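This report concerns only the one structure given below.
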Amino acid sequence: MSSYALEKAMWTVGTSPAEAEKFRQSPAAYAEQFNLDADEKVSLATLAVGDMARRGASTLLLLMGFMAVNGPGGMGEYMRRMNQK
């Protein structure tokens, strides 16, 4: 898959509080609505931003979506996940 579907998912969750809430309620179900392969769905559902970045997704879109789900206090966790192998 291309990074487009991951970016679309993170854009959607990052620009709509209602979508962010849907994601928080059921991340796995949320991931199912996008054209992602099985590994990408896991990365999205678990917000494995480092993995999504390595797949080519924009780090700015990843940050936007992550913060929409986790709030402004999530920056440290975002950085930790970004640096995971």
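At 222 nm, what helix-only mean residue ellipticity would the chain give, in deg cm²/dmol to the nearest 500, using -39500 (n - 2.57) for each DSSP H run of four or more? Don't skip to the end; give the middle numbers.
Details: 7 runs with 61 residues, N = 85.
Using -39500 (n - 2.57) per qualifying helix, the result is -20000 deg cm²/dmol.
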(request) Determine which aspartates and glutamates satisfy two conditions relative to K22: a Cα distance under 14 Å, and not lying fewer than 8 residues away in the same chain. (result) E32
(message) Expected output is a single nm value to one decimal: the length gained when fully extending between R24 and V42, i.e. 0.36 nm times separation in residues minus the C-alpha distance. What is it?
(response) 5.0 nm
(message) For a quick check, take a GNM of the chain with Cα springs below 10 Å and name the residue from T12, T59, T46 with the largest mean-square fluctuation.
(response) T46
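Note down the net charge around S2, summing +1 for each Lys or Arg and -1 for each Asp or Glu among other residues with Cβ under 13 Å from its Cβ.
Numbers: positive: K8, R55; negative: E7, D37, E40.
Net local charge, S2 excluded: -1.
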(request) Given the options G56, G14, G73, state which has the largest fluctuation in a GNM of the chain using a 10 Å cut-off (strictly under) for Cα springs. (result) G73
(request) State the label only: which of (1) 4.7; (2) 10.1; (3) 5.6 corresponds to mean projected area of the Cα convex hull in nm² computed from the shown model? (result) (1)
(request) Considering only L60, L44, L36, give the residue with the highest GNM mean-square fluctuation for the chain, with springs between Cα atoms whenever their separation is below 10 Å. (result) L60
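Considering Cα pairs under 8 angstrom that are at least six residues apart, work out the relative contact order of segment 15-85 and quote it in whole percent.
On the way: 53 pairs, mean separation 22.8, N = 71.
Reported as a whole number, the value is 32 percent.
All of the numbers you see were taken from the coordinates with simple rules; none came from a lab. Only a predicted model underlies this, so the values are computations on that prediction, with no experimental measurement involved. Don't worry about glycine lacking a Cβ; one is built from the backbone with ideal geometry, like all the others, and counts go over all protein chains shown.
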